[in-house]
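One structure below.
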Amino acid sequence: DKVRDRICYRLIGRKGNEGMLEDVPHIEFLDLALCFFYAYHDEVLGEGAVLVHESHRQMWGTATAELLKLAERNTPKLFPWSKRSIDSMVTEAACKDGGQGEDSLNMPISVLSNGKGLYGAACMVYPGVLEALGAEEGRGFYIIPSSVHEVLLIPDDHVREYSFYRQMVEEVNRTQVEPEEVLSYGLYRYCRKKSEIEEIIS
């Protein structure tokens, strides 16, 4: 009862985390896993997170399904999602560095994360978020697992082959992400017609 309003979830890759996942309650999702944490706030310690282990679940006498129900309610409230275009982020970074912010990547790529930029990849499973973004775009989109902290959204324009986006995933993970922050080497697509995320296997 003391922690139920601050039980949240985060997304991690199953590959490479097999040992940890044996000891924590989790929900498998594609090649990923939703695991749970207690988001604490203390006047002395500040803000932080405590990973929920199987021992916690047993001590609380609850089920993984109940943890998921709580996290689906709490996470979007405590860590609201945000979407920003790559262009705006590049322009902002250029201005901070003393530039004019005139250069643009001119690419229809958006970054989906939470306001804190920590474990924001979980925003892709927030109830209703992708449905709302799909309605806004009027089409589906590819989801690039940039890191555990964010994912990239690219409108599905039916122009490029899957290999192009797979190469993008490889490049991002190899050059831009610390090994412990890699989310996945998979490629996903949000299908607006089905209102679901699909892992592209081929």
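The values are calculated or read from the model by the stated rules, or taken from the named source; none is laboratory data. All figures in this text were calculated on a predicted structure; none of them were measured in a lab. Every residue, glycine among them, receives a Cβ derived from its backbone with ideal geometry; neighbour counts consider all protein chains shown. What goes into the accessible areas is simple: the full protein's heavy atoms, side chains included, and nothing from ligands, DNA or RNA. Shrake-Rupley method; radii C 1.70, N 1.55, O 1.52, S 1.80 Å.
Within the full protein context, the accessible area of S85 is estimated at about 50 Å² for a probe radius of 1.4 Å. In the chain, a dipole from Cβ-located charges (positive for Lys and Arg, negative for Asp and Glu) runs towards its positive end, and of L11, P25, G117 it is P25 whose Cα lies farthest in that direction. Considering only N173, H41, S147, the residue lying farthest towards the positive end of the dipole of the chain is H41, judged by Cα position with unit charges set on Cβ. The separation of region 18-65 from region 165-202, counted between C-alpha centres, amounts to 24 Å.
Within the chain, what's the longest stretch lacking trypsin sites (Lys or Arg not before Pro) that sit in DSSP loops with no more than 10 other Cβ atoms inside 10 Å? Don't skip to the answer; put the middle values down first.
Numbers: sites that count: K2, K193, K194.
By the stated rule (loop sites, at most 10 other Cβ atoms within 10 Å), 3-192.
Backbone phi angles across region 8-14, fed through the Karplus curve with coefficients 6.51, -1.76 and 1.60 (θ = phi - 60°), yield HN-Hα couplings of 10, 10, 9, 9, 9, x, 6 Hz in residue order; Gly and Pro are listed as x.
Percent of accessible area on the chain owned by carbon and sulfur, 1.4 Å probe?
On the way: 5720 of 11540 Å².
Solvent-exposed carbon and sulfur of the chain make up 50 percent of the total.
Close Lys pairs in the chain, defined as Cα atoms under 18 Å apart and 8 or more places apart or on different chains, number 5.
Heavy atoms of the protein chains alone define the surface here; on that basis the chain has 57 Å² accessible area per residue at 1.4 Å probe size. With contacts taken as Cα pairs under 8 Å and at least 6 residues apart, the chain reaches a relative contact order of 17 percent. Overall, region 1-87 carries a charge dipole of about 300 debye about its Cα centre when +1 sits on the Cβ of Lys and Arg and -1 on the Cβ of Asp and Glu, all other atoms neutral.
Rounded to the nearest 20, the Cβ-based charge dipole of the chain about its Cα centre (Lys and Arg +1, Asp and Glu -1) stands at 540 debye.
About its Cα centre, the dipole of region 50-89 is roughly 160 debye, where the only charges are +1 on Lys and Arg Cβ and -1 on Asp and Glu Cβ.
Evaluated over the Cα positions of the chain, the convex hull gives a direction-averaged projected area, one quarter of its surface, of 13.5 nm².
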